[in-house]
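Okay, so here's the structure we're looking at.
The values are calculated or read from the model by the stated rules, or taken from the named source; none is laboratory data. Just so it is clear, the structure is predicted and the values come from calculations on it, not from any experiment. Positions of Cβ are generated from backbone atoms using ideal geometry, with glycine treated the same way; all protein chains shown enter the neighbour counts. When the accessible area is computed, the model is the full protein with side chains, heavy atoms only, and any ligands, DNA or RNA have been set aside. Shrake-Rupley method; radii C 1.70, N 1.55, O 1.52, S 1.80 Å.
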Amino acid sequence: MDGDNSHLLDISTLARQEWWRKNEGERMLALTNRVYLSRLASYNREKAEAALIPMLESILKDNEFSNAWEGKKVVIKPNLLAKRPPSAAVTANPTLVSIAASYFVSRGASVVIADSPGGLYSAKLLEKLYVVTGMQKAAEESGATLNFDTSSVQKGDFPIITPLAEADLI
């Protein structure tokens with residue numbers, strides 16, 4: 001972000017995302033109207049964890065998700081709008097992505113970092129995007145995998161990338 005080192009940890013998009021969970025073989029949509037914010041002086045991992053983990057736990061509790069993540073598929077969607085470095089603050093910060101992914105990996109979930117950025121959508125372009133945005137490093141640090149599956153499934157009138165369609169949690 002800019003030089004003032006004042007960063008807002010905003011995971012309101014997580015709170016407003018379409019969160020999918022399995023219930024008797026069907027997907028159910030769970031939404032919350034809450035916004036979760038915390039001010040961070042920097043993206044120092046220790047301080048970011050202290051802010052992000054309680055928010056993740058609140059989001060999960062507020063949306064009535066169980067704490068049983070063993071074998072579940074979790075997708076972290078980092079808003080990959082452009083192939084820009086973390087300092088440009090265009091995408092989710094890779095430190096936050098790594099923390100969120102680590103949270104679920106440590107609880108036995110299979111975590112994938114996935115998004116369908118605007119424009120061309122190919123595995124080769126995703127590879128470059130993941131490197132520049134810091135998502136490759138986030139995946140390596142957390143034990144998550146990066147998505148290179150560019151297929152989609154139709155959900156109503158909208159195509160949804162396959163990892164999102166197959167996820168227990170986004």
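Just a few scattered comments:
- Boolean, W19 is open to solvent by less than 60 Å² (accessible area, probe 1.4 Å) and at pLDDT below 80: yes
- Considering segment 57-81, and only residues there that are closer than 23 Å to L40 by Cα, open to solvent by 40 Å² or more (accessible area, probe 1.4 Å) and assigned to a loop (DSSP other than H, G, I, E, B), the residue that is modelled with the highest pLDDT turns out to be K77.
- Where P159 falls short, out of the listed (1) in contact with a strand residue (DSSP E or B) (Cβ under 8 Å, 6 or more places away or on another chain); (2) in contact (Cβ under 8 Å) with a residue 40 or more places away in the chain: (2)
- Segment 70-81, residues that are free of Cβ contacts under 8 Å to residues at least 60 places away in the same chain and over 14 Å from L146 (Cα atoms): E70, G71, L81
- If you go through segment 114-138 and pick out every residue that is within 22 Å of Y43 (Cα to Cα) and in contact with a Ser or Thr (Cβ under 7 Å, 6 or more places away or on another chain), you end up with 2.
- Segment 94-114 - residue that is over 10 Å from E141 (Cβ atoms) and of a type in the set (G, A, S) and, of those, surrounded by the most Cβ atoms within 10 Å (Cβ to Cβ): A100
- Residues in segment 136-159 that are surrounded by 14 or more Cβ atoms within 10 Å (Cβ to Cβ) and over 25 Å from S102 (Cα atoms): S152 only.
- Condition check for L126: buried (at least 21 other Cβ atoms within 10 Å of the Cβ), of a type in the set (A, V, I, L, M, F, W, C) and not in a loop (DSSP other than H, G, I, E, B): yes
- Any hit, segment 82-91, residues being at pLDDT 80 or above, in a loop (DSSP other than H, G, I, E, B), open to solvent by 80 Å² or more (accessible area, probe 1.4 Å) and under 16 Å from A144 (Cα atoms): no
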